[in-house]
1. Assess whether T52 counts as being under 23 Å from V199 (Cβ atoms) and in contact with a helix residue (DSSP H, G or I) (Cβ under 7 Å, 6 or more places away or on another chain).
2. Give the residues of the range 240-251 that are modelled with pLDDT under 95 and farther than 19 Å from T328 by Cα, sorted by residue number.
3. Collect the residues in the range 225-246 that are farther than 22 Å from A187 by Cβ and open to solvent by 60 Å² or more (accessible area, probe 1.4 Å), keeping them in residue-number order.
4. Search the range 74-89 for residues being closer than 18 Å to F13 by Cα and touching a Cys at 6+ places or on another chain (Cβ under 9 Å), and hand back the single one that is surrounded by the most Cβ atoms within 10 Å (Cβ to Cβ).
5. Return the residue satisfying two criteria in turn: it lies in the range 321-344 and is touching a Ser or Thr at 6+ places or on another chain (Cβ under 6 Å) and not hydrophobic (A, V, I, L, M, F, W, C), and of such residues it is modelled with the highest pLDDT.
6. When you scan the range 168-177, do you find a residue that is part of a strand (DSSP E or B), crowded, with 24+ Cβ neighbours inside 10 Å and of a type in the set (A, V, I, L, M, F, W, C), even just one?
7. Considering only residues that are part of a strand (DSSP E or B) and either within 18 Å of the chain's Cα centre (by Cα) or of a type outside the set (G, A, S) (or both), which ones fall in the range 38-63?
8. Restricting attention to the range 38-58, and to residues there that are among the aromatic types (F, W, Y) and touching an Asp or Glu at 6+ places or on another chain (Cβ under 8 Å), which single residue is most open to solvent (accessible area, probe 1.4 Å)?
Amino acid sequence: ANGSVVTWGTADFGGDSSAVAPLLTEGVVQVCGTAEAFAAIKANGSVVTWGTAIYGGDSSAIAPLLTEGVVQVCGTAGAFAAIKANGSVVTWGEAIYGGDSSAVAPLLTEGVVQVCGTLGAFAAIKANGSVVTWGTAIYGGDSSAVAPLLTEGVVQVSGTNMAFAAIRANGSLVTWGTADFGSDSSAVAQLLTEGVVQVCGTAGAFAAIKANGSVVTWGTADFGGDSSAVAPLLTEGVVQVCGTAKAFAAIKANGSVVTWGTADFGGDSSAVAPLLTEGVVQVCGTAGAFAAIKANGSIVTWGRADSGGDSSVVAPLLTEGVVQVCGTAGAFAAIKANGSVVTWGRADFGGNSSAVAPLLMEGVVHVF
């Protein structure tokens, strides 16, 4: 709550922030990560970075551009993109992951309102509804094949590991990138011409929610692209979809949850099915497991045990009072109403917070 940042985990992946510690004692309002580095936005609009240098931990080359005015930061696996208050974009990190935006620089000097990333490319939405892409082509950095559809009217962009999906104002969807990762939506194209209101991705598939509450999926089957097994449950009433690396979970208006995709990545929730028939208000995923918050403040987990699917060690702390859950690739952190934090999952992914436990007993308002 005082705007300070506490870090833990593998040192050269951002767990050690000692080099920038004096800059993280107050005023931080957002933190974003690549695979091996962090970027923190401060209330004065400046950015502080740490972690592996080439993956965005070293922003010294463009430091003068990050001293003020930054309003949002987004990361791929190895690069960052920052939106400034004047609508311009600043990038740094590994070039092949989107750190070099020089090829589209004239298009990023003003008007950018949102940036989204895959593993190795960025897509920026501008105020006029157009989309600008850069990074490695197979990751979605080359959108030339659908360029005429991205000149206006885009309202949201979402990504898998290697593909993007853009929702247009008319409710239609445009996809590009690598086919097996969701860029080829031709099999369901007729269902994506109107009414799409939200799109979510796993590592290799997309799920789109339509205005009538139905869900349309495509991409690699064992990444959640094939939802035929639960199709009757996805024809209406879906209000949110969340993904792990290879599975989806959909919350319905009646508070129930429907899952599909690879079983041990959260696609099979049969072990906890009686707890997911009603009352679920939020679902969050790691790479291989899901955690659902229920209206009574309890948590239900399923999926790979080593990715946070097994919360038995901290179960007594998760029976009530949970207000937010956040995941890394292999661990969860839950904030409780009393401001304390409970963690579980792989220790080297943040599941063991014992080293900073005294600092997580009260006063926490957000976890990333």
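1. So T52 does not fit the description; no.
2. Across the range 240-251, the qualifying residue is only Q240.
3. If the condition is that a residue be farther than 22 Å from A187 by Cβ and open to solvent by 60 Å² or more (accessible area, probe 1.4 Å), then V239 is the only one that fits.
4. Taking the range 74-89 first, the residues closer than 18 Å to F13 by Cα are 74-80.
With the extra rule that they be touching a Cys at 6+ places or on another chain (Cβ under 9 Å), the set shrinks to 74-75, 80.
Values: C74: 22, G75: 24, F80: 32.
In this case the residue turns out to be F80.
5. T343
6. yes
7. Correct list: F38, A39, A40, I41, K42, V47, V48, T49, W50.
8. Within the range 38-58, the subset among the aromatic types (F, W, Y) is 38, 50, 55.
Retained after the next criterion (residues that are touching an Asp or Glu at 6+ places or on another chain (Cβ under 8 Å)): 50, 55.
Numbers: W50: 11, Y55: 46 Å².
Residue satisfying both the conditions and the ranking: Y55.
The values are calculated or read from the model by the stated rules, or taken from the named source; none is laboratory data. Predicted model only: the values in this text are computed from it and were never measured. When we count neighbours, we look across all protein chains shown, and the Cβ atoms used for this are built from the backbone with ideal geometry, even at glycine. Note: areas computed on protein heavy atoms with side chains; ligands, DNA, RNA excluded. Shrake-Rupley method; radii C 1.70, N 1.55, O 1.52, S 1.80 Å.
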